[in-house]
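One structure is given here, and the rest of the page talks about it.
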Amino acid sequence: MFFHFILTVGSFVTFLCVCCVTSSDCDKPVFTPSRLVVKFRDSAKARCDVCKNDCHYEKMGLEKSVGKVSQNGTTFFWTVESLTEWGSEPMCFYNMKTGGQCFTTLPLILYQPPQSVSMSVVNHTGPMTECSEYTLQCIVGNIAPAEHLTVTFYRGSTPLGHRTSNSTTKEPVTETFTLSYRTRRQDDGAQFWCEAKLELGPEGPQRPPVVKSEKLTAAVKYLTCPDKPVFTPSRLVVKYGDTANATCVSSRDNCHNEYFNLNVTLGNVNKNGSKLSWRVDNMTEWDPNTVCFFGLDDKQCKVSLPVTVYKPPQSVSIRVVNHIGPKTECGEHTLQCIVGNVAPAEHLTVTFYRGSTPLGHRTSNSTTKRPVNETFTLRFNTRKEDFGAQFWCEAKLELGPEGPQRPPVVKSEKLTAAVKYLTCPDKPVFTPSRLVVKYGDPADATCVSSRDNCLYDFLNLTVTLGNVNKIGSKLSWRVDNMTEWDPNTVCFFELDDEQCKVSLPVTVYKPPQSVSIRVVNDTVPMTECSEYTLQCIVGNVAPAEHLTVTFYRGSTPLGHRTSNSTTKTPVNETFTLRFNTSKEDFGAQFWCEAKLELGPEGPQRPPVVKSEKLTATFDCWKRLFGPTDGAASVFHHVFILCFMFLICLCLS
């Protein structure tokens with residue numbers, strides 16, 4: 001009998017190992033939908049396609065604890081008219097030819113929205129007091145599944161915080177959520193409430209079930225704290241490692257002494273009636289927290305004692321940054337003062353000196369209370385007079401009226417300057433030496449210093465537009481879009497209290513926008529043997545001082561004109577030429593040409609703009625009846641008399 005029992009148990013274990021272990025490589029059944037979210041008592045349905053290839057038709061199925069199953073080949077259909085079973089998850093399976101079972105479980109969430117949501121204040125009734133902490137409580141009743149529940153606390157329309165449940169049970173439960181809240185005077189009359197929301201994911205309802213609590217109107221009692229405790233001294237400054245003491249008293253007659261106290265992070269507190277005494281034998285904290293308080297209507301009236309723990313600088317040294325040997329006159333150098341192991345650095349002031357003359361002060365931006373090493377710099381231009389001068393720095397802790405009245409001061413060693421004299425024989429050199437650029441075009445130039453003994457750190461370029469790039473002793477200037485008519489570009493280095501500098505002449509030009517010709521006072525047609533004034537109008541050109549205008553009769557130049565303008569920006573210029581007409585000018589074409597001659601650095605085909613052509617016409621009657629000279633006079637008058645006789649004959 002015992003042997004039969006052993007055999008039975010062994011067979012059952014073998015069945016579990018062979019049939020109930022799913023192969024990771026099997027063609028698992030597929031549920032549609034792949035995840036199901038159903039409201040309690042609602043209907044539900046799903047379909048399962050068991051397999052595609054490796055199926056034993058007589059060994060497949062859909063296991064469920066509720067509902068009906070129908071089959072069509074390798075497809076099973078599960079339906080439930082009213083789902084009321086919590087934790088039910090159908091399983092679809094088939095047995096593999098190689099042994100073992102391949103199965104898929106349908107994730108099913110059966111949910112029930114909250115049946116009730118209520119709001120309360122824990123262990124409190126009646127008005128609240130300002131500046132006090134209360135616990136708001138939201139109770140959500142008969143909700144499932146709680147793990148998908150989010151509760152939000154509100155003050156009016158402002159969310160105060162969110163809470164979620166740690167419950168993993170599938171059945172409906174009642175959950176309680178709390179939020180700590182410190183009241184303010186502005187909360188009087190405010191409405192507090194909470195909201196429970198079931199967030200069930202994309203398969204759930206897309207308007208998640210939401211239930212709100214009633215609104216709880218707060219009544220807040222205003223408090224004041226007219227007389228805070230008083231520290232003596234009101235601020236404490238103590239050297240690290242020294243002793244320190246202070247007292248705190250309460251001036252309120254209605255304050256019970258048993259609620260009067262002193263919070264400290266080191267030292268001892270002694271209480272004598274309404275007086276608290278604090279003493280530290282060895283100050284070993286850099287930022288001690290010392291607070292004196294008493295209770296007032298469930299509120300603390302408190303005051304903190306500002307304590308500054310200081311440590312004078314352990315060391316102070318001065319040096320020249322990145323420089324060894326003699327300094328160069330006209331050179332800019334950086335003095336560096338290093339202050340070691342000082343606290344608190346925010347009270348530190350460093351002064352640089354040349355002999356007894358202060359050169360400048362520096363302060364720290366550090367807010368740490370502990371000792372730090374701080375480095376301060378000062379840029380200084382050397383002169384000939386600095387030869388043999390002594391440079392040094394001084395670190396001072398200025399701790400105010402509560403600190404030592406001879407503030408701790410530590411001085412550096414003195415640094416004697418050796419200055420090498422220079423002159424300025426070689427100015428910087430621009431390439432090109434003159435720049436001509438069209439307005440709106442790019443432009444570039446370089447500047448180098450030819451001095452071997454000039455420190456390249458002091459070479460600089462002042463520009464009014466564009467970008468400057470420095471590589472060693474070479475400065476490159478580039479403008480992507482020339483939009484200034486008179487850019488100021490200066491390359492320089494400092495030398496003996498003066499600048500060795502050179503300016504780059506830059507001509508920004510704009511060809512004429514228009515050129516037109518006309519006769520002054522518009523006398524058309526002209527008459528021969530008369531003097532006229534031709535006018536050439538050049539519009540929107542720069543710079544006008546480089547402009548030359550030429551008047552033409554046909555292809556024959558009649559004269560040149562230039563402008564007296566010295567402005568760099570575009571202008572309109574008008575040029576005139578006086579001209580006497582003759583018979584040969586009848587039908588001749590007059591025009592003018594504007595040319596910008598910008599020199600060898602400018603375009604080698606200078607910008608030229610021509611006007612339209614003006615055709616000259618004469619009055620024919622003037623030519624007919626006008627006076628004549630010489631031998632033709634008699635013939636001219638006879639012709640006129642004959643012409644008049646013919647007219648009279650025609651009229652009669």
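The residues in segment 226-271 that are part of a strand (DSSP E or B), modelled with pLDDT under 85 and open to solvent by less than 30 Å² (accessible area, probe 1.4 Å) can be counted, and the count is 1.
Considering every residue within segment 375-384, establish whether at least one is at pLDDT below 90, in contact with a helix residue (DSSP H, G or I) (Cβ under 9 Å, 6 or more places away or on another chain) and not small (Gly, Ala, Ser). For segment 375-384, residues at pLDDT below 90, in contact with a helix residue (DSSP H, G or I) (Cβ under 9 Å, 6 or more places away or on another chain) and not small (Gly, Ala, Ser): present. Exactly one residue among GLU85, GLU58, GLU89 is at pLDDT below 90 and part of a loop (DSSP other than H, G, I, E, B), and that residue is GLU58. Kindly indicate whether any position in segment 599-617 is open to solvent by 40 Å² or more (accessible area, probe 1.4 Å), hydroxyl-bearing (Ser, Thr, Tyr) and over 48 Å from the mean Cα position of the chain (by Cα). Yes, segment 599-617 contains a residue that is open to solvent by 40 Å² or more (accessible area, probe 1.4 Å), hydroxyl-bearing (Ser, Thr, Tyr) and over 48 Å from the mean Cα position of the chain (by Cα). Scan segment 573-591 and give yes if some residue there is within 26 Å of GLU484 (Cα to Cα), hydroxyl-bearing (Ser, Thr, Tyr) and at pLDDT 90 or above, otherwise no. Yes, segment 573-591 contains at least one residue that is within 26 Å of GLU484 (Cα to Cα), hydroxyl-bearing (Ser, Thr, Tyr) and at pLDDT 90 or above.
Could you tell me whether THR158 is out of contact with any helix residue (DSSP H, G or I) (no Cβ under 9 Å at 6 or more places or on another chain) and at pLDDT 95 or above? Before the answer, list the steps.
Numbers: out of contact with any helix residue (DSSP H, G or I) (no Cβ under 9 Å at 6 or more places or on another chain): yes; at pLDDT 95 or above: yes.
Judged against the criteria, THR158 is a match.
Which of the strands (runs of 3 or more DSSP E) contained wholly in segment 138-225 include at least 1 residues that are among the small types (Gly, Ala, Ser) and open to solvent by less than 50 Å² (accessible area, probe 1.4 Å)?
On the way: elements: 149-155, 158-164, 173-182, 191-198, 210-212.
The qualifying strands (runs of 3 or more DSSP E) are 158-164, 191-198.
Going by the structure shown, is LEU399 at pLDDT below 95 and closer than 16 Å to HIS333 by Cβ? First the steps, then the outcome.
On the way: at pLDDT below 95: yes; closer than 16 Å to HIS333 by Cβ: no.
Taking the combined requirement at face value, the residue does not satisfy it.
On inspection, GLU285 passes the criterion of being under 15 Å from TYR240 (Cβ atoms), of a type in the set (Asp, Glu) and either at pLDDT below 95 or open to solvent by less than 50 Å² (accessible area, probe 1.4 Å) (or both).
Look at segment 164-175: where a residue is over 11 Å from VAL140 (Cβ atoms) and a partner is among the hydroxyl-bearing types (Ser, Thr, Tyr), sitting 6+ places away or on another chain with Cβ atoms under 8 Å, you get THR164/THR150. Among the candidates THR22, THR14, the residue that is modelled with pLDDT under 70, surrounded by 10 or more Cβ atoms within 10 Å (Cβ to Cβ), part of a loop (DSSP other than H, G, I, E, B) and among the hydroxyl-bearing types (Ser, Thr, Tyr) is uniquely THR22.
Restricting attention to segment 92-107, the residues that are open to solvent by 20 Å² or more (accessible area, probe 1.4 Å) and assigned to a strand (DSSP E or B) add up to 6.
Run down SER118, SER70 and say which single residue is over 58 Å from the mean Cα position of the chain (by Cα), of a type in the set (S, T, N, Q) and open to solvent by 30 Å² or more (accessible area, probe 1.4 Å). Walk me through how you get there before you give the answer.
Details: SER118 fails: over 58 Å from the mean Cα position of the chain (by Cα).
None of the other options fit; the residue is SER70.
Taking TRP78, is it in a loop (DSSP other than H, G, I, E, B), surrounded by 14 or more Cβ atoms within 10 Å (Cβ to Cβ) and not charged (D, E, K, R)? Answer is no for this residue.
Can you name every one of the strands (runs of 3 or more DSSP E) wholly within segment 527-576 that holds 3 or more residues which are among the polar types (S, T, N, Q) and open to solvent by 20 Å² or more (accessible area, probe 1.4 Å)?
Values: elements: 531-541, 547-553, 556-562.
Fully inside segment 527-576 and qualifying: 531-541.
Given the condition farther than 30 Å from PHE493 by Cβ, part of a helix (DSSP H, G or I) and out of contact with any Leu (no Cβ under 6 Å at 6 or more places or on another chain), answer yes or no: does some residue in segment 337-352 qualify? Looking through segment 337-352, at least one residue is farther than 30 Å from PHE493 by Cβ, part of a helix (DSSP H, G or I) and out of contact with any Leu (no Cβ under 6 Å at 6 or more places or on another chain).
The values are calculated or read from the model by the stated rules, or taken from the named source; none is laboratory data. This one's a predicted model, so the numbers in the text were calculated from it and none came from an experiment. Reconstructed Cβ throughout: ideal geometry from the backbone, glycine too, with neighbour counts over all protein chains shown. Surface areas here come from the heavy atoms of the whole protein model, side chains and all, with no ligands, DNA or RNA. Shrake-Rupley method; radii C 1.70, N 1.55, O 1.52, S 1.80 Å.
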